[in-house]
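Participant: Could you have a look at this structure, given as structure tokens, before my questions?
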Amino acid sequence: MEKTNSGIIAVGEERWIPGSRRADGSYRKERKVRPGFTPLEDLQRYASPAARRQQEAATPPPAPEKKKPTHGDQPKPTSDATAEQRKIKALQKKLRQIEELEQKMIRGEKLDENQVDKVKKGKAVRDELAQLTASSS
């Protein structure tokens, strides 16, 4: 799922503007974007070669990469930390599956009851993942 500056989501060949909540609380439906349309937010501005060189000179060089520790250098994680890591990985996997199902819904494909239930649990999964990642940091 690719998202542009203007918020357009690319799903395979199709592009969509996702639904959103208006200020008055009503819901704006998602809309399909015509092929070839590029909003102003996504247009790239022309920069002359001199301007590009000047911009490159103003940006700092990338930070040097750190040496990867060898297997013996790492302290053994506690069992609580590994259980937490496993839980985070499992939630991330669930979230990926939910996002795939949401994309199917956007494309208009029919989902069965189990898939619809999984999509409904998406917010709870996101909240739990956010809690776990915040507490592990």
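Participant: Here's a check for you: in segment 26-50, which residue that is small (Gly, Ala, Ser) and modelled with pLDDT under 90 is most open to solvent (accessible area, probe 1.4 Å)?
Facilitator: Filtering segment 26-50 for residues that are small (Gly, Ala, Ser) and modelled with pLDDT under 90, the one most open to solvent (accessible area, probe 1.4 Å) comes out as Gly36.
Participant: Determine whether Gly7 is open to solvent by less than 80 Å² (accessible area, probe 1.4 Å), out of contact with any strand residue (DSSP E or B) (no Cβ under 9 Å at 6 or more places or on another chain) and at positive phi.
Facilitator: No.
Participant: Please find, within segment 76-134, the residue that is most open to solvent (accessible area, probe 1.4 Å) out of those that are closer than 24 Å to Trp16 by Cβ and in a loop (DSSP other than H, G, I, E, B).
Facilitator: Lys110
The values are calculated or read from the model by the stated rules, or taken from the named source; none is laboratory data. Since the model is a prediction, treat every value here as computed from it, not as a measurement. Glycine also receives a Cβ, built like all others from the backbone with ideal geometry; neighbour counts cover every protein chain displayed. Just the protein is used for accessible areas: all its heavy atoms, side chains included, with ligands, DNA and RNA removed. Shrake-Rupley method; radii C 1.70, N 1.55, O 1.52, S 1.80 Å.
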